[in-house]
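The next block holds one structure in the form of structure tokens; read it before the comments.
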Amino acid sequence: MPTNFTPSRDIPDLARKVILITGGTSGIGRAAVLSLAEHNPSHIYFTGRNAQAGAEVITEVRTLAPACPITFIQCDLCSPRETIRAALSKHFNHSSRLDIFIANAGVMAIPHGLTPEGYEVQFGTNHMGHAVMMKQLRGVMARTADSNDVRFVALSSVGHNMHPPGGIQFETIRTADALGKWANYGQSKLANILYCKAMAKRYPKIMSVAVHPGLVRTGLSKSIRAESMVMSWMSWLMSSMYKSPEEGVYNTLWAATTPRGELTTGGYYEPVGKKTAGAKACSDEALADKLWDWTEEELKDMEEL
Ligand SMILES: NC(=O)c1ccc[n+]([C@@H]2O[C@H](COP(=O)([O-])OP(=O)(O)OC[C@H]3O[C@@H](n4cnc5c(N)ncnc54)[C@H](OP(=O)(O)O)[C@@H]3O)[C@@H](O)[C@H]2O)c1
């Protein structure tokens, strides 16, 4: 359990590692791209919707780490699965390798809505969009893991504790507003933890862990701050508790690069590197299996690479 993780000192040489980070255009994901780029990876791919922000991150990487091959993949996690698949297919195929997949992109307590495929929008973004990517990429990751240390790091949140009674209410996933928007966030972030557990059980060679980054000053809470005077005031009161993205990324970087022996696959970690049980529902293996089976059924028309 590290007490003084320092990325510049503790991240090893990442030669030959191919890395994919979702939501690398801002906040914690952007900080992850910039930090990992300085450690000699073979290639960093990062995703987001905002092409302008993607170009700006590439410019920053060219200054910090000119030799780092880097590619922005424009991709909305709410898109229909075929759109996500097409965006990734240009860069990953049967003979590719993928060493580190950081499922970081996320939204929090945004207004009720449905994705084009009819999923509640937070569950659609935070869980389903990443599950679509994982369904496509897990074959590549599993093959890479035959002779390499391969990791799946999912950004969850202490906010998973706001999940509705029972953990995941499957009957609400295809409705926009059966739950409040915070319960929807909690449900999606619990799904991130349970999906890691399910991955760990089915793909033991892939090290799958979920992390909470801490409270981090990013764009995530912008919509909440704009929502009301009370939320804006509470946000101001709490502002001294927030970390910068450069520090808020530490737990992600630790999980992605610390010696493999320090991690337990299927585990959930608070910053930095503290293995934590999380809410009771996080240990519900039957619920993790149910989420896996439900997700597989939803994506049964998709093929792995
Ligand atoms: N900040 C915190 O205090 C905190 C606490 C607990 C957990 N987390 C978790 O940390 C992760 C990163 O959040 P952050 O704080 O860095 O927030 P952020 O600054 O708002 O960044 C979110 C990222 O996700 C991407 N994204 C959002 N919706 C997307 C969509 N539909 N399709 C594709 N990409 C999408 C955004 O890219 P585009 O705008 O380019 O699409 C952006 O790069 C989230 O999973 C969040 O739940 C954060």
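The values are calculated or read from the model by the stated rules, or taken from the named source; none is laboratory data. Nothing here was measured: the structure is a model prediction, and the numbers come from that model. We place every Cβ from the backbone using ideal geometry, glycine too, and count neighbours over all the protein chains shown.
For the reader, a short list of remarks on this structure follows.
- Some residue of the range 91-113 being more than 23 Å from Pro213 (Cβ to Cβ) and among the β-branched types (Val, Ile, Thr): no
- Pairs, first free of Cβ contacts under 8 Å to residues at least 12 places away in the same chain and more than 14 Å from Gly29 (Cα to Cα) in the range 57-74, second assigned to a strand (DSSP E or B) and of a type in the set (Val, Ile, Thr), C-beta under 9 Å, six or more apart: Arg62/Ile70
- Any hit, the range 266-274, residues being over 26 Å from Glu38 (Cα atoms) and over 17 Å from the mean Cα position of the chain (by Cα): no
- Search result, residues across the range 37-55 that are under 23 Å from Val107 (Cα atoms) and in a helix (DSSP H, G or I): Ala51, Gln52, Ala53, Gly54, Ala55
- Some residue of the range 218-237 being at pLDDT 95 or above, out of contact with any helix residue (DSSP H, G or I) (no Cβ under 6 Å at 6 or more places or on another chain), more than 16 Å from the ligand (Cβ to nearest atom) and assigned to a helix (DSSP H, G or I): no
- Selection of the range 268-305 for residues being aliphatic (A, V, I, L, M), surrounded by fewer than 16 Cβ atoms within 10 Å (Cβ to Cβ) and over 21 Å from His130 (Cβ atoms) yields Ala277, Ala286.
- So Lys201, is it assigned to a helix (DSSP H, G or I), more than 18 Å from the chain's Cα centre (by Cα), charged (D, E, K, R) and within 14 Å of the ligand (Cβ to nearest atom): no
- Selection within the range 113-129 - out of contact with any Ser or Thr (no Cβ under 7 Å at 6 or more places or on another chain) and under 21 Å from Arg151 (Cβ atoms): Gly129
- Selected residue (criterion: modelled with the lowest pLDDT) from residues of the range 239-267 that are exposed (fewer than 12 other Cβ atoms within 10 Å of the Cβ) and either among the β-branched types (Val, Ile, Thr) or assigned to a helix (DSSP H, G or I) (or both): Ser239
- Candidate set from the range 146-195 (those that are assigned to a loop (DSSP other than H, G, I, E, B) and within 12 Å of the ligand (Cβ to nearest atom)); member that is farthest from Glu285 (Cα to Cα): Ser157
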